[in-house]
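Please treat every number below as a calculation from the coordinates, not as lab data. All of these numbers come straight from a predicted model, not from anything done at the bench. As a convention, Cβ positions derive from the backbone with ideal geometry for all residues, glycine included, and neighbour counts pool all protein chains shown.
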Amino acid sequence: MGSIGIESSGPEVVTVDVHATKDLIQTSHVYLDVRTVEEFQKGHVDAEKIINVAYMFNTPEGRVKNPEFLKEVSYACKKEDHIIVGCQSGVRSLYATADLLTEGFKDVSNMGGGYLDWVKNELPVKAPLDSVKIELQVKKEPLDLVKNELPVNAPIVG
């Protein structure tokens, strides 16, 4: 665990690695994914308490900062909540963490390496239904999870 200062006059951002993040989100920490909705829907960290608020948006002119970011996070989290902020590679989350600390959030840390490092370390992820369906078909168990169809000889439980 280390720390990186964003600006000399700004807050000091604490950065934790993906393994420390895994331990923290299994306790009382909220995982705040600041990637775009599209990135989030392709797969994300498997956490009990997870929130997706984009820090930046993709526009025809390039990426622009979400002007409502702090307001949206404030609706979802209290300033006393324990929050780990993550993104794709660790850059957006670093800036988002600094903004949250400046805004008065008390216990906010950045996940170094982002989702890419999380996946590289084979930590648990939530994948979209399409990925689950493809994996089931490879195992010769084609299920249509969207339509909730079961194989003909599947037992009925309940």
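With a 10 Å Cβ neighbour count serving as the proxy for reagent exposure, in which order, fewest first, do Met56, Met111 appear?
So the residues, fewest neighbours to most, are Met56, Met111.
Just give me a number: lysine pairs in the stretch 30-129, eight or more positions apart or cross-chain, with C-alpha atoms less than 20 Å apart.
Here the count comes out as 11.
Do me a favour and compute the ellipsoid semi-axes for the stretch 2-126 from its Cα gyration tensor, root of five times each eigenvalue, largest one first, whole Å.
19, 18, 14
Given H placed 1.01 Å from N in the peptide plane, which residues other than close sequence neighbours of Thr15 have an amide H under 5 Å from its amide H?
Gly2, Ser3, Ile4, Asn110
Can you list residues from other chains, or at least 5 along the same chain, whose modelled amide H is less than 5 Å from the amide H of Val30?
Sorted by chain and number, the residues that satisfy this are His82, Ile83, Ile84.
What are the ³J(HN,Hα) couplings of the stretch 45-51, residue after residue, when phi is run through the Karplus curve with 6.51, -1.76, 1.60 and θ = phi - 60°? Round to Hz, x for glycine and proline.
4, 7, 9, 5, 10, 9, 10
Return the sequence-ordered ³J(HN,Hα) values of the stretch 59-75 in whole Hz as given by the Karplus equation 6.51 cos²θ - 1.76 cosθ + 1.60 applied to θ = phi - 60°, using x for Gly and Pro.
10, x, 8, x, 7, 10, 5, 5, x, 9, 3, 5, 5, 5, 5, 5, 5
Going by how many other beta carbons lie within 10 Å of each one, how would you line up Cys77, Cys87, fewest first?
Exposure proxy ranking, most exposed first: Cys77, Cys87.
Short version: ³J(HN,Hα) in whole Hz for each residue of the stretch 103-120, in order, from phi by Karplus 6.51 cos²θ - 1.76 cosθ + 1.60 (θ = phi - 60°), x for Gly and Pro, what are they?
Ordered by residue, 3J(HN,Hα) equals 6, x, 5, 8, 10, 10, 10, 9, 8, x, x, x, 4, 4, 5, 4, 5, 4 Hz.
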